[in-house]
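First up is the structure itself, then whatever we jot down about it.
The values are calculated or read from the model by the stated rules, or taken from the named source; none is laboratory data. Remember, predicted model here, so these are calculated numbers, not experimental data. Quick reminder, even Gly has a Cβ in these numbers, built from the backbone with ideal geometry, and neighbours come from all protein chains shown. Heavy atoms of the whole protein, side chains included, go into the accessibility calculation; ligands, DNA and RNA do not. Shrake-Rupley method; radii C 1.70, N 1.55, O 1.52, S 1.80 Å.
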Amino acid sequence: MVDVIIAGCGPTGAMLAAELRLHDVRVLVLEKETEPKSFVRIVGLHVRSLELMAMRGLLERLLPHGRRRPAGGFFAAIAKPAPKDLDSAYAYLLGIPQPVVERLLEEHAVELGAQVRRGRAVTGLEQDDEGVTVELADGERLRARYLVGCDGGRSTVRKLLGVGFPGEPSRTETLMGEMEADAPQEEIAAKVAELREIHPFWLRPFGGGVYSVVVPAGGVGDRAQPPTLEDFRQQLRAVAGTDFGVHSPRWLSRFGDATRLAERYRVGRVLLAGDAAHIHPPIGGQGLNLGVQDAFNLGWKLAAQIRGWAPDTLLDTYQAERRPVAEDVLDNTRAQTELLSAEPGAQAVRRLLTELMDFDEVNRHLIEKITAIGVRYDFGEGPDLLGRRLRDIDVKQGRLYDLLHRGRGLLLDRTARLTAGGWSDRVDHLADPTAALDVPCVLLRPDGHVAWVGDDQQDLDAHLARWFGTPLLKASPAPK
């Protein structure tokens, strides 16, 4: 028996495996595909995902493979720059090939000790009070204490659980891809500006003559088959009167606007994460990011459950915290999809929102929503910082996120009077009066969210117990 079986080795599954291995949890990842994806699709890692990668020391691995872009123009492709002084040390988008992200995250998980088995499709499951029995397509049966379905929008695990997946089916389809174009960039930009309020399409330059192309599918091709370059040419001619000389595609895909959210993220010893729990249109580029952030939230909590120190309700906070975030993403992608409609009413709303985004507060709110740095979990009453993530600030040892590489909690203590005491086996303590923080002390969870703000030891102990369970060690004296 292993501790956790993860179905699916995409970004969510690989990230979750790595997070569990930080706590010595025995992990087996089962991937139904025999080989990694071969097509090169560029995805965008948003600010919050970049912060999480920095927290685990992964960002330096990713940066050489990607291209930084300004953190603006995401919401419904409305061309507004990012607000000034966005509250992050990583205030940019990293465009990076999805196969590279998946490979690097899988390598990270394997380096930490996770097992990955390809060509192993989950076809059945049974659970009891002690664990979960997983049946594979070849009849092999495996046993684990927990199972996590990270197996995509058509999740077998979710279906076997009988968890409802309500929402809206796809109403419209869109072609999306990356390719080169021979037409001058000025000509392309002028045509997009002329027609974007009439047709939901764009050609966004990546540099070197390469463009991200989005155009209505218009019924071309077979929905069951991948689109072709000729499909794109045909639709560009129909919408813009020219195909802009597009050629040499990097990848081509077709997507709909189906929007669904799992009714539950947990049934007993089986949990769901990533696209297995939520699907939505790719407008705003939030899908991969949302799944990776699910993994960061779940990993330390499931590890705590397995290691035996989790408070009784800790694992339930995964759904309580992450499902509302997914609801918000589904809503904002619904809104963005409407704003891309060619209908006169939708275009009137788009023009109005474009004006409103000239106000810094509006633009900032939408950017923080898309990039997930505005997420605040409900931890009860307290300062505004409570429940939010803490930016990567300067501390006496360098940078804050460098102290979170091991996936442990952190007490950042500007008073130098407090202690993590009996929780020091799972919470680190940094006494630093010079930390760039405008509150006395904060307690950070392993996912970087602020679990407590204050300067009172007794109050701190109560919150340490809330998030990190019963103390195992005798409290040590406060640092001098």
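At a glance:
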quantity	calculated
Cβ pairs under 6 Å, 6+ apart, first in the stretch 306-322 and touching a residue at least 24 places away in the same chain (Cβ under 8 Å) and farther than 16 Å from Arg408 by Cβ, second of a type outside the set (Ser, Thr, Tyr) and open to solvent by 20 Å² or more (accessible area, probe 1.4 Å)	Leu315/Gln305; Gln319/Arg266
Filter result (assigned to a loop (DSSP other than H, G, I, E, B) and at pLDDT 95 or above) within the stretch 1-31	Gly8, Cys9, Gly10, Leu22, His23, Asp24, Val25, Arg26
Answer from Arg260, Arg264, Arg204 - the residue that is modelled with pLDDT of 95 or more, open to solvent by 30 Å² or more (accessible area, probe 1.4 Å) and touching a Phe, Trp or Tyr at 6+ places or on another chain (Cβ under 8 Å)	Arg260
Any hit, the stretch 359-371, residues being at pLDDT 95 or above and farther than 28 Å from Ala436 by Cα	yes
In the stretch 132-151, the residues that are closer than 23 Å to Ala303 by Cβ and either in contact (Cβ under 8 Å) with a residue 40 or more places away in the chain or open to solvent by 30 Å² or more (accessible area, probe 1.4 Å) (or both)	Val132, Val134, Leu142, Arg143, Ala144, Arg145, Tyr146, Leu147, Val148, Gly149, Cys150, Asp151
Criterion (under 28 Å from Asp331 (Cα atoms), open to solvent by 40 Å² or more (accessible area, probe 1.4 Å) and not in a strand (DSSP E or B)) met by exactly one of Gly291, Gly284, Gly218	Gly218
Strands (runs of 3 or more DSSP E) enclosed by the stretch 37-108 - at least 2 residues per element that are open to solvent by 10 Å² or more (accessible area, probe 1.4 Å) and of a type in the set (D, E, K, R)	67-70
The listed residue being over 27 Å from Val25 (Cα atoms) and of a type in the set (Lys, Arg), out of Arg399, Arg408	Arg399
So Glu126, is it free of Cβ contacts under 8 Å to residues at least 40 places away in the same chain and either in a strand (DSSP E or B) or under 16 Å from the mean Cα position of the chain (by Cα) (or both)	yes
Subset of the stretch 154-195 that is of a type in the set (Val, Ile, Thr) and part of a loop (DSSP other than H, G, I, E, B) - its residue that is least open to solvent (accessible area, probe 1.4 Å)	Val163
Matching option when the condition is over 17 Å from the mean Cα position of the chain (by Cα), of a type in the set (Lys, Arg), at pLDDT below 95 and under 29 Å from Gly287 (Cβ atoms), among Arg406, Arg350	Arg350
Asp151 being at pLDDT below 95, of a type in the set (D, E, K, R) and outside any strand (DSSP E or B)	no
Hey, Arg233 of a type in the set (D, E, K, R), outside any loop (DSSP other than H, G, I, E, B) and open to solvent by 10 Å² or more (accessible area, probe 1.4 Å) or not	yes
Residue match in the stretch 120-131 (condition: within 22 Å of Leu340 (Cα to Cα) and either buried (at least 19 other Cβ atoms within 10 Å of the Cβ) or at pLDDT 95 or above (or both))	no
Top-ranked residue in the stretch 332-348 [being free of Cβ contacts under 8 Å to residues at least 40 places away in the same chain and part of a helix (DSSP H, G or I); ranked as surrounded by the most Cβ atoms within 10 Å (Cβ to Cβ)]	Ala346
Pairs where the first residue, in the stretch 58-69, is hydroxyl-bearing (Ser, Thr, Tyr) and the second is open to solvent by less than 100 Å² (accessible area, probe 1.4 Å), C-beta under 8 Å, 6+ apart	none
Pick from the stretch 298-331, criterion not in a helix (DSSP H, G or I) and not hydrophobic (A, V, I, L, M, F, W, C), ranking: surrounded by the most Cβ atoms within 10 Å (Cβ to Cβ)	Pro311
Extreme residue, most open to solvent (accessible area, probe 1.4 Å), among residues of the stretch 355-377 that are over 26 Å from Val43 (Cβ atoms) and in contact (Cβ under 8 Å) with a residue 40 or more places away in the chain	Asp358
Filtered residues of the stretch 213-247 (kept if on the phi > 0 side of the Ramachandran plot and either within 30 Å of the chain's Cα centre (by Cα) or modelled with pLDDT under 85 (or both))	Gly218, Gly219, Gly221
